[in-house]
1. Answer yes if at least one residue in region 47-70 is closer than 12 Å to Ile16 by Cα and touching a Pro at 6+ places or on another chain (Cβ under 9 Å), and no otherwise.
2. Of everything in region 48-75, what is in a helix (DSSP H, G or I), of a type in the set (Gly, Ala, Ser) and either surrounded by 15 or more Cβ atoms within 10 Å (Cβ to Cβ) or modelled with pLDDT of 95 or more (or both)? Give them in sequence order.
3. Looking at the structure I just gave you, is Ile83 assigned to a loop (DSSP other than H, G, I, E, B), surrounded by 13 or more Cβ atoms within 10 Å (Cβ to Cβ) and free of Cβ contacts under 8 Å to residues at least 40 places away in the same chain?
4. Inspect all residues belonging to region 116-138 and state whether any of them is of a type in the set (Asp, Glu) and within 26 Å of Ala14 (Cβ to Cβ).
5. Any residue at all in region 32-45 that is at negative phi, assigned to a helix (DSSP H, G or I), modelled with pLDDT of 95 or more and of a type outside the set (Lys, Arg)?
6. Filter region 103-136 down to residues that are within 16 Å of the chain's Cα centre (by Cα) and exposed (fewer than 13 other Cβ atoms within 10 Å of the Cβ) and give me whichever is nearest to Gln74 (Cα to Cα).
7. Would you confirm whether or not region 48-57 contains a residue that is within 15 Å of the chain's Cα centre (by Cα), farther than 22 Å from Ala127 by Cα and of a type outside the set (A, V, I, L, M)?
Amino acid sequence: MKRPPSPHRPRALAPIARVAGLDYDVLDRLLGYALRRAQVGVFLAFHAATRGQDITPPRFTALVIVGANPGIGQSALGQVLGIARSGAMMLTDWMEARGLVERRRRPNDGRSWGVHLTPRGEKLLAAMKHSVVAQDRRRAAVLSAAERRELLRLLEKLAG
């Protein structure tokens, strides 16, 4: 019996190649089309870097943010991820169930909880960051350091 594809891995996602001899008409002038082609390539590189970890980009982002901001609240985590507090709570539950994070009462507010990495979460995150950064560097090797900085600056401007 064939297993259904995991919702956390790209199914039939493949790079969006340019086909020689085709006229791409307006697509060659659309920022969204160029961003999507680049995003698919980067997405596939991310999944290659995290293969076997059951980690999606939002989960990786959450772990990085919690690691860099010990004690962050779920509301702030939700804001970073662009999801509702309830979604951040579900994500925190997922990470907690796997022993990657723990909730601790905040010292100045006994009603709220902060999220912290566990030693297991720290170890997994360190390994994933190493792998993801290396894959990102390989993917961006077609750019000079100045081009990479400029691209990041421009993308941040568009996201702003």
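The values are calculated or read from the model by the stated rules, or taken from the named source; none is laboratory data. From a predicted model like this one, the values you see are computed outputs, not experimental measurements. No Cβ is skipped: glycine too gets one built from the backbone with ideal geometry, and neighbour counts run over all protein chains shown.
1. Residues of region 47-70 that are closer than 12 Å to Ile16 by Cα, as a first pass: none.
No - not one qualifying residue is present in region 47-70.
2. Step one: of region 48-75, the residues in a helix (DSSP H, G or I) are 48-49, 57-68, 74-75.
With the extra rule that they be of a type in the set (Gly, Ala, Ser), the set shrinks to 48-49, 62, 67-68, 75.
Result: Ala49, Ala62, Gly67, Ala68.
3. Yes, satisfied.
4. Keep residues of region 116-138 that are of a type in the set (Asp, Glu), which gives 122, 136.
Still in the running and within 26 Å of Ala14 (Cβ to Cβ): 136.
Yes, region 116-138 has at least one match.
5. Of the residues in region 32-45, the ones at negative phi are 32-45.
Now drop any that are not assigned to a helix (DSSP H, G or I), which leaves 32-45.
So of that shortlist, the ones also modelled with pLDDT of 95 or more come out as none.
No, every residue in region 32-45 fails to be at negative phi, assigned to a helix (DSSP H, G or I), modelled with pLDDT of 95 or more and of a type outside the set (Lys, Arg).
6. Among those residues, the one meeting the criterion is Ala126.
7. Narrowing region 48-57 to residues within 15 Å of the chain's Cα centre (by Cα): 48-51, 53-57.
Narrowing further to those that are farther than 22 Å from Ala127 by Cα: none.
No, there is no match, as no residue in region 48-57 is within 15 Å of the chain's Cα centre (by Cα), farther than 22 Å from Ala127 by Cα and of a type outside the set (A, V, I, L, M).
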